[in-house]
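All remarks here apply to the structure that follows.
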Amino acid sequence: MRLVVEGLSAKRGEDLIFQDISFEIASGEALVVKGANGSGKSTLLRVLAGLLPAHSGAAKLLAAAQPVERVSEAAHYLGHRNAMKRELTVEENLSFWQSFLGDFAGGAGLSVVEAVEAVGLGGIAHLPFGYLSAGQQRRMAMAKLLVSWRPVWILDEPTAALDAAAETMFAGLVMAHLSRGGIAIAATHQPLGLEGVKELHMKGFAGIMEDVW
Ligand SMILES: Nc1ncnc2c1ncn2[C@@H]1O[C@H](COP(=O)(O)OP(=O)(O)OP(=O)(O)O)[C@@H](O)[C@H]1O
């Protein structure tokens, strides 16, 4: 499986945010997207996740376990917000996402109990999501990545609000995902503790980008 991005550009309103972004990531690889505030990291991830249209260019997932028209069909997107309902329990939220998303071909998600344990929060899945601390909420949002199998993880500032132990835990989850043949793309200002990842440096519209492999 390969994620191939060719000549991608995107606008916000009338403004071109970036243009001519190209890169390729294969199964088992991660790409970290770096750049200053406002350089277009979130915009790029939102385009890949199908939440914003590309202005030009394309992103394709090739040789996936099932054919897809859009990368988003094979992707989990973890944005700045956690996409959980505060009034529902953690278990209810994760069960919803598990049945809503389903499994992509070639893999199977963990049970809700297993996923909650994998993020180190076994025993509090019965609480309303809104009762959890900011860091616990972020961990539970990561558990959402585990309850259904999606080969591509698109992660926007995944470790915001996490303590050092949770950052290490998250790096382990990403490495396990890669070892299952997954792909991860993460925008971050913080080191994710991942070894040997590719980097993409967004420069904003003036400088666009350069690759550092
Ligand atoms: N809804 C919007 N309408 C118009 N412009 C927007 C919108 N959202 C973002 N922008 C602009 O697009 C540019 C890129 O924003 P983006 O959120 O992609 O940057 P970023 O690199 O992720 O920044 P940060 O590191 O602060 O999260 C910024 O100049 C921002 O003001």
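FYI, it's all coordinate maths here, none of it is from the lab. Computed from a prediction, not measured in an experiment: that's the story for all the values here. With ideal geometry, Cβ positions are generated from the backbone for all residues, glycine too; neighbour counts draw on all protein chains shown.
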Length-normalised contact order for the chain - Cα pairs under 8 Å, 6+ apart - percent: 28 percent
Within the chain, helix-based [θ] at 222 nm, where runs of 4 or more DSSP H residues each add -39,500 (n - 2.57), nearest 500: -8500 deg cm²/dmol
Number of Lys pairs (Cα under 17 Å; 8 or more positions apart or on different chains) in the chain: 7
Formal net charge of residues neighbouring ARG150 (Cβ-Cβ distance under 13 Å; K, R +1; D, E -1): +1
Label-point separation in nm, ALA36 to SER179, each point 7 Å along Cα→Cβ: 4.0 nm
Charged-residue dipole, Cβ positions (Lys, Arg, Asp, Glu), the chain about Cα centre, Debye nearest 20: 280 debye
Relative contact order [Cα under 8 Å, 6+ residues apart], the range 1-45, whole percent: 35 percent
Rough spin-label spacing in nm, given labels placed 7 Å along Cα→Cβ, for GLU73 and ALA165: 4.2 nm
Exposure rule at most 14 other beta-carbon atoms within 10 Å, DSSP loop GluC sites (Glu not before Pro): the chain longest free segment: 88-194
Gained length - ASP103 relative to LEU16, 0.36 nm times residue gap less alpha-carbon distance: 27.8 nm
The chain: angle of helix 90-101 to the longest principal axis, Cα-based, in degrees nearest 10: 50 degrees
Cβ-defined net charge surrounding SER133, 15 Å radius [Lys, Arg +1; Asp, Glu -1]: +2
Per-residue HN-Hα couplings for the range 42-51 [Karplus 6.51, -1.76, 1.60; θ = phi - 60°; Hz; x = Gly/Pro]: 5, 4, 4, 5, 5, 5, 4, 7, x, 8
Phi to ³J(HN,Hα) by Karplus 6.51 cos²θ - 1.76 cosθ + 1.60 over the range 137-151, Hz, x for Gly, Pro: 5, 5, 4, 5, 5, 5, 4, 4, 5, 9, 7, 9, 7, 9, x
